[in-house]
């Protein structure tokens, strides 16, 4: 039966001041999800390159969403999935979301696109529940819509794709572990109203800058007075990287998701590559292994790359 | 010497979720400021219609900004100001801001427009200090720019005029006193992070709705989980008016400034007039005197109406 490959890229959630509401889609790194439609009512999952992934669909970030999708379908179909895992789990750039989003977009394609993007996001959120215990859309929404995505509300789900300016994203993933649970636990549950007001000024400024393609306004608005001062203490080199990257021309940036990856936005590829060098140099000096990436903001999200009939 | 009349309208600050950062310009009610350029180095202030206003420029919301402006000018000039006070002080629709903004726009016009709008806002803020003890731009910014205005930051001052959709504003001013100081004092200085996140989702949604002219999104985003639940207790009839106006087709609304005025946004004049009727009826039943107004969002702000050479 029909098969396809979905290119499912990483994402940056918690876009500086936009904690829990704004995310963007990278173009690399990306998982590749080979998905084949079957008539077995089963979901069979394999890891392509020896990367250890749970093969029980209910415990797999790509499997759980498809189980939900199958339950809603009236025909007897199943899926075989071969996962090329390229985004390291725990990186903070949406590894689980990429597999979940890639699987549902591919399955939807093979079924003749019966579901819209918001429905696909709802299925993919089941994968996030497997990965982190919480159904959230912070990464699956930008992964499926592409560009920069606003999650205005999670219950009811209200997702608004924003315009995406032609910006380049430099990402560095230092090979240290920051557990999402720890990154959540250190946040204060009460925050000063004064800081919240600064934050919402910046959010309004950031959204306006994005929609009006006003890079100076985006840059001024990329400030986080609430989360970053606390979470950045978990990431060695954070302040140094941020300061030096801004000096090198980056518009701004911060912690990707709940870390440990750091991202910076730049207006050109050459600035973004200079920024990547600063990131690499800093972790080399600190003696911490890393991966780093430069890509444009991906405006289309998960894409179907190869199709076999 | 030259003279002119500035039409200086009321404004709605604290636009629901946009507490301290978003405001809009009404078209009525408005103060009228007759301003004449003189060569005396003095500022002379009079109230046109017997309304008691401080005549000492340093204590007058229109005088204090002009004192600051004169100090920055190198020529020997002065101003005579006749104030037609139409916006009742303490209404919560920017009475002091209208006089301050009207005075500086008129003076700037008479001087040949040496100052830009942001400079005029900075002068006008001196009037807010006289009125409330605090230099804030919540009302003078939308009054001078018109439309809907974002105050991203107050220090440094960063004001971003947004697009203004063709919306109608119904305002009711119940004749009760809510002191700004009291309205400030009852706010909590610490707020739950959970609610702050809801608030910034709504702010991002509201700004997106405004810039994309998406009225349904504006309506969904007009929610305030932080300030309104507390301050609305100071305004009799608030919940009833809000619920009934939304049922009658209003997109949403809330407390204007720090109250006691209530405003509602609607997509047409006929809905806005129906909304005004509900407001009137509610206060009639409660036995509270009121003034009410319907106007479109004013897109140009203070305007020079009559000129005499």
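No lab work stands behind these numbers, since they all come straight from the coordinates. The structure presented is a predicted model; accordingly, all values stated were derived computationally and were not measured. Counting neighbours? That spans all protein chains shown, and the Cβs are built from the backbone with ideal geometry, glycine included.
Quick look at the values:
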{"item": "Length added when fully stretched, residue A:212-residue A:134, from 0.36 nm per residue minus Cα-Cα", "result": "24.7 nm"}
{"item": "Average projection area in nm² (convex hull over Cα atoms of segment A:1-139, one quarter of hull surface)", "result": "7.7"}
{"item": "Convex hull of Cα atoms in segment B:65-218, direction-averaged projection (nm²)", "result": "11.5"}
{"item": "Per-selection Rg to Rh, segment B:103-186 - Cα, Kirkwood hydrodynamic radius", "result": "1.01"}
{"item": "Gyration tensor (alpha-carbon) shape descriptor, segment B:154-309, a/c threshold 1.5", "result": "rounded"}
{"item": "Helix B:63-72 vs. chain B, principal-axis angle (Cα, 0 to 90°, nearest 10)", "result": "50"}
{"item": "In degrees, nearest ten, helix B:95-110 long axis to first principal axis of chain B (Cα)", "result": "40"}
{"item": "For q = 0.10 Å⁻¹, Debye-computed log10 I/I(0) when each Cα of the protein assembly as shown counts as one equal scatterer", "result": "-0.90"}
{"item": "Label-point separation, residue A:58 to residue A:175 (7 Å along Cα→Cβ), nm", "result": "3.6"}
{"item": "Rg/Rg_ref, chain B, where Rg_ref = 2.2 N^0.38 Å and atoms are Cα", "result": "0.97"}
{"item": "Footprinting exposure proxy for B:208, A:11 (fewest neighbouring C-beta atoms within 10 Å first)", "result": "B:208, A:11"}
{"item": "Nearest 10 degrees, 0 to 90: helix B:269-286 Cα axis against chain B principal axis", "result": "80"}
{"item": "Rounded, prolate or oblate (a/c below 1.5 giving rounded, otherwise prolate when a/b exceeds b/c) for segment A:233-279 by Cα gyration tensor", "result": "prolate"}
{"item": "Computed Kirkwood radius, in angstrom, where 1/r is averaged over Cα pairs of segment A:221-309", "result": "14.4"}
{"item": "Förster-model FRET efficiency, 22 Å R0, residue A:41 and residue A:305, C-beta, rounded to 0.05", "result": "0.25"}
{"item": "Label 7 Å beyond Cα on the Cβ vector: residue A:71 copy-to-copy distances, nm", "result": "6.9"}
{"item": "Residue order, fewest to most surrounding Cβ atoms within 10 angstrom, among B:5, A:160, A:230", "result": "A:230, B:5, A:160"}
{"item": "Where labels lie 7 Å past Cα in the beta-carbon direction, separation of residue B:189 and residue A:195 in nm", "result": "1.4"}
{"item": "Span from the segment B:251-305 Cα centroid across to the segment A:123-170 one, whole angstrom", "result": "37"}
{"item": "Label-to-label distance, nm, for residues given as residue B:230 and residue A:286 (7 Å Cα→Cβ offset)", "result": "3.8"}
{"item": "Alpha-carbon spread of segment B:1-43, three principal axes, descending order, Å", "result": "46, 21, 11"}
{"item": "Estimated FRET transfer efficiency when R0 is 22 angstrom, pair residue A:74-residue A:1 (beta carbons, to 0.05)", "result": "0.80"}
{"item": "Gyration tensor verdict on segment A:173-213 (Cα atoms; rounded if a/c is under 1.5, prolate if a/b is larger than b/c, oblate otherwise)", "result": "oblate"}
{"item": "Inter-copy separations for residue A:40, label at 7 Å along Cα-Cβ, nm, ascending", "result": "9.6"}
{"item": "Nearest-0.05 FRET efficiency for residue A:239 and residue B:166, computed from C-beta distance (R0 35 Å)", "result": "0.15"}
{"item": "Reduced Cα scattering model of segment A:197-268, Debye log10 I(q)/I(0), q = 0.12, 0.15 Å⁻¹", "result": "-0.31, -0.49"}
